[in-house]
Amino acid sequence: MQALRFHEFGKPLEVLRLEELELPSLDDGEVRLKMLAAPVNPADLNLIEGTYGVKPPLPAVPGIEGCGEVVESRSPDFVAGDRAIILRRAGSWASHVQISAEHLFKLPAGMDVQQAAMLKVNPATAWRLLTGFERPAAGSWIVQNAANSAVGRCVIAVAKSLGIRTMNLVRREELRDELLALGADEVLLDDDAAVESAKQREIRPVLGFNCVGGESALRVMNLLAPGATHVTYGAMARRPLTVPNGLLIFKDLKFRGLWITKWIEGAPKEEVREVYGELAKMIVRGELTMPVDRIFPLAEFAGAIEALAAPERNGKVLLAP
Ligand SMILES: NC(=O)c1ccc[n+]([C@@H]2O[C@H](COP(=O)([O-])OP(=O)(O)OC[C@H]3O[C@@H](n4cnc5c(N)ncnc54)[C@H](OP(=O)(O)O)[C@@H]3O)[C@@H](O)[C@H]2O)c1
């Protein structure tokens, strides 16, 4: 088998290598997948840099999610030809992955491979953001930054299915029509002037989602209703949150965080499967779609990592072994 591996933490382009590895033998209860597609997520780069929530033992194969086809099974739940996504970090940037069947979610027939490869992380994050804190009543508002991110687009789609309205902050004006077409209710530029003008209106979101930090996180706080909850799940600007005293004293905002890995590993298995079942149905019905920018073979991983940082990128970058 082939896999991208790193032997020390560091800049991805400096430490990642494509290596030939022996396929391990299959234990009882395990399944061998031939990988079909795996995204390059911001978290994968953090994992390689050593700045993610966990540090894997080295050497390690990155890839926190992906979709594969069963080529061999020693589990009664899977047969060759089944397609599944991996619910544990198992090194999806490889031609094959071997894993206990309990960490797989079997895909419904006819599901698009690329969309399936992106199902584990971002759609589930959107679902938990909208349902895992105080669940907003139908008709009420949430506000989020980086609304054109994969998570942001999933938030728009899932919120629409739950009848929740979305106020969306973006860095680029040209995204407005695209997000409105997806079902966004409001799209604003993520700057002080746009946020000040939005505050003049009567919209008061009860939940705010932040994956940027710094000034953008503060703008989300400023838009929230008194008593609302502000949830941080990412740090794209790599700047800390600064909370003005007044927002705590006069608005009594609550500050929370979300790490989807913790939910997947800690929630009851039936609940996790039920949520992925619902999200998979939304994808099959075309209600939830994540755009794909480009697809690279494993050997061209350097191009994939460079494409992730390209300003013109429009969607996820995938590796397709
Ligand atoms: N906590 C969790 O469990 C969890 C789960 C999923 C994702 N995440 C995190 O959520 C974030 C988004 O993930 P994703 O996969 O949806 O990302 P993505 O599709 O790659 O989108 C990245 C987004 O970040 C914006 N961005 C990039 N650099 C920025 C900066 N310096 N300042 C402000 N905005 C910036 C981009 O805006 P432009 O398009 O304008 O460049 C884009 O909207 C990441 O931080 C990721 O680690 C966390």
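The values are calculated or read from the model by the stated rules, or taken from the named source; none is laboratory data. Given the structure is predicted, the values throughout are model-derived calculations rather than measurements. We place every Cβ from the backbone using ideal geometry, glycine too, and count neighbours over all the protein chains shown.
So, of the residues in region 304-321 that are in contact with a strand residue (DSSP E or B) (Cβ under 7 Å, 6 or more places away or on another chain) and among the small types (Gly, Ala, Ser), which turns out to be farthest from the ligand (Cβ to nearest atom)?
Among those residues, the one meeting the criterion is Ala320.
Pro205: away from the ligand (no atom under 15 Å from the Cβ) and under 20 Å from Gly152 (Cβ atoms), yes or no?
yes
For region 189-207, give me each residue that is crowded, with 19+ Cβ neighbours inside 10 Å and modelled with pLDDT of 95 or more.
Asp190, Pro205, Val206, Leu207 - these are the residues of region 189-207 that are crowded, with 19+ Cβ neighbours inside 10 Å and modelled with pLDDT of 95 or more.
Do you know which residues across region 223-241 are modelled with pLDDT under 95 and either away from the ligand (no atom under 16 Å from the Cβ) or out of contact with any strand residue (DSSP E or B) (no Cβ under 9 Å at 6 or more places or on another chain) (or both)?
none
From the list Glu278, Glu271, pick out the single residue that is acidic (Asp, Glu), more than 10 Å from the ligand (Cβ to nearest atom), loosely packed, with under 13 Cβ neighbours inside 10 Å and within 21 Å of the chain's Cα centre (by Cα).
Result of the check over Glu278, Glu271: Glu271.
Among the candidates Leu58, Leu23, which residue alone is under 21 Å from Pro297 (Cβ atoms), among the hydrophobic types (A, V, I, L, M, F, W, C) and away from the ligand (no atom under 16 Å from the Cβ)?
Leu23
Restricting attention to region 91-120, report how many residues are surrounded by 20 or more Cβ atoms within 10 Å (Cβ to Cβ) and part of a loop (DSSP other than H, G, I, E, B).
Within region 91-120, residues that are surrounded by 20 or more Cβ atoms within 10 Å (Cβ to Cβ) and part of a loop (DSSP other than H, G, I, E, B) number 7.
Under 8 Å by Cβ, and 6 or more places apart or on different chains, what pairs join a residue from region 258-287 that is in contact (Cβ under 8 Å) with a residue 60 or more places away in the chain with one that is among the polar types (S, T, N, Q) and part of a helix (DSSP H, G or I)?
Leu258/Thr125; Ile260/Thr125; Met282/Ser161; Ile283/Gln115; Glu287/Ser161
Can you tell which of Met221, Met236 is farther than 25 Å from Ala90 by Cβ, in a loop (DSSP other than H, G, I, E, B) and not hydroxyl-bearing (Ser, Thr, Tyr)?
Just one listed residue meets the conditions, Met236.
Residue by residue, here is whether (1) in contact with a strand residue (DSSP E or B) (Cβ under 8 Å, 6 or more places away or on another chain); (2) modelled with pLDDT of 95 or more; (3) crowded, with 19+ Cβ neighbours inside 10 Å; (4) within 15 Å of Gly152 (Cβ to Cβ) holds:
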{"position": "Ala184", "(1), (2), (3), (4)": "yes, yes, yes, yes"}
{"position": "Ala217", "(1), (2), (3), (4)": "yes, yes, yes, yes"}
{"position": "Met221", "(1), (2), (3), (4)": "yes, yes, yes, no"}
{"position": "Phe255", "(1), (2), (3), (4)": "yes, yes, no, no"}
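Give just the number: which of (1) closer than 26 Å to Gly315 by Cβ; (2) of a type in the set (Gly, Ala, Ser); (3) in the same structural domain as Ser216 (by TED's automatic domain parsing) does Ser140 not satisfy?
(1)
Please go through region 1-49 and pick out each residue that is charged (D, E, K, R), under 21 Å from the mean Cα position of the chain (by Cα) and either surrounded by fewer than 21 Cβ atoms within 10 Å (Cβ to Cβ) or over 19 Å from Gln114 (Cα atoms) (or both).
Answer for region 1-49, where residues must be charged (D, E, K, R), under 21 Å from the mean Cα position of the chain (by Cα) and either surrounded by fewer than 21 Cβ atoms within 10 Å (Cβ to Cβ) or over 19 Å from Gln114 (Cα atoms) (or both): just Glu49.
Exactly one condition in (1) in contact with a Leu (Cβ under 7 Å, 6 or more places away or on another chain); (2) without any contact (Cβ under 8 Å) to a residue 60 or more places away in the chain; (3) over 20 Å from Trp127 (Cβ atoms) is false for Arg201; which is it?
Just one mismatch for Arg201, condition (1).
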